[in-house]
Amino acid sequence: MTDFLAVSLSSTDYVGHQHGPNSVETEDTYLRLDKDLGEFFKYLDQKVGKGQWLFFITADHGVAHVPGFMQENRMHAGLFDDGAMMKSMNAGIEKEFGIKKAIIASYNYQFWLDNEGLLKAGKLAEVKAYILREGLKFDGVANVVDNHALATTALPAPQQDMLVNGYNVLRSGDVMVILQPGYFDGGKTGTTHGQWNPHDAHIPSYGWAGVLSRAKPTVPRI
Ligand SMILES: [Zn+2]
């Protein structure tokens with residue numbers, strides 16, 4: 001029988017969000033984590049036995065660089081504010097269609113529409129088309145897509161795959177904003193994640209498989 005022990009090492013997340021991946025604070029945190037893991041491995045050797053355990057480490061997300069760091073290095077990056085985009089969009093929709101609060105919520109780069117109200121007004125398709133078109137004018141926006149029509153939207157295959165896999169008909173928003181690389185919704189300091197880009201979504205996994213293969217089996221075969 002194999003015991004499985006999962007440990008969440010969350011300091012790297014807190015420090016990473018606060019200071020960014022290229023900060024001395026993040027470097028310091030990883031040096032300390034490395035030391036802590038070293039001690040834990042020693043403990044495992046004593047408690048479980050050398051060569052009797054397998055270690056692997058991974059993460060739940062990557063991260064963007066701090067926009068200030070990117071701009072200092074003359075790279076494309078910036079901040080996006082989905083709350084401000086929702087406000088501005090709602091004002092535009094009211095002017096164009098005479099409908100108030102067509103977008104009722106914004107979260108995680110998604111907009112939830114007042115589907116019932118828009119259907120009653122016979123304007124759902126038109127308002128959605130307006131959002132998809134006008135959304136492209138906002139700084140940092142790469143694309144704006146209809147979440148319910150992802151399979152028939154012309155998107156690069158990796159983006160389409162990720163968006164379709166993340167879609168839940170009961171929970172997802174109606175419209176998704178895809179940002180340009182280096183952009184995210186956040187404050188002026190620190191950084192975050194939440195987009196499809198490889199810097200956000202590529203997560204390495206390291207395993208120490210050699211440990212077990214070198215070990216002599218101690219459990220008799222049945
Ligand atoms: Zn995080």
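The values are calculated or read from the model by the stated rules, or taken from the named source; none is laboratory data. A quick note: this is a predicted structure, and the numbers were derived from the prediction, not measured. Neighbour counts are summed over all protein chains in view; Cβ atoms, including those assigned to glycine, are modelled from backbone coordinates with ideal geometry. Ligands, DNA and RNA are stripped out before the accessible areas are found, and what is left, the full protein with its side chains, is counted by its heavy atoms. Shrake-Rupley method; radii C 1.70, N 1.55, O 1.52, S 1.80 Å.
In table form, for the structure just shown:
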| read-out | value |
| --- | --- |
| Probe 1.4 Å - accessible area at Met85, Å² to nearest ten | 0 |
| Cα gyration tensor category, rounded, prolate or oblate, for region 1-127 with a/c compared to 1.5 | oblate |
| Separation in nanometres of the label points that stand 7 Å from Cα toward Cβ, at Asp161 and Ala84 | 3.5 |
| Value of Rg to Rh for region 64-120 (Rh from inverse mean 1/r over Cα pairs, i.e. Kirkwood) | 1.20 |
| Within straight-line cross-link reach of Lys100, aspartates and glutamates at Cα separation under 15 Å, skipping those fewer than 8 residues along the same chain | Asp114, Glu116, Glu126 |
| Set of aspartates and glutamates with alpha-carbon distance to Lys47 below 19 Å, sequence-local pairs under 8 removed | Asp3, Asp36, Glu39 |
| Solvent exposure ordering (accessible area, 1.4 Å, most first) of Lys50, Lys95 | Lys95, Lys50 |
| Solvent-accessible area of Asp13 with every protein chain in place, 1.4 Å probe, in Å² to the nearest 10 | 60 |
| Mean Cα-pair separation over length for region 76-197, i.e. relative contact order, pairs under 8 Å, 6 or more apart, % | 32 |
| Rounded, prolate or oblate (a/c below 1.5 giving rounded, otherwise prolate when a/b exceeds b/c) for region 93-208 by Cα gyration tensor | prolate |
| Cα gyration tensor category, rounded, prolate or oblate, for the chain with a/c compared to 1.5 | prolate |
| Chain lengthening between Thr2 and Arg74 when straightened (0.36 nm per residue, less Cα-Cα) | 20.9 nm |
| Accessible surface, 1.4 Å probe, highest first, among residues Glu96, Glu72 | Glu72, Glu96 |
| Theoretical gain in end-to-end length, Asp45 to Glu94 [0.36 nm per residue, Cα-Cα removed] | 11.0 nm |
| The chain: calculated mean residue ellipticity at 222 nm from DSSP helix runs of at least 4, using -39500 (n - 2.57) | -11500 deg cm²/dmol |
| Region 30-50 and region 79-156: distance between their alpha carbon centers, rounded to Å | 50 |
| Leu5 accessible area, assembled protein chains, probe 1.4 Å, Å² | 120 |
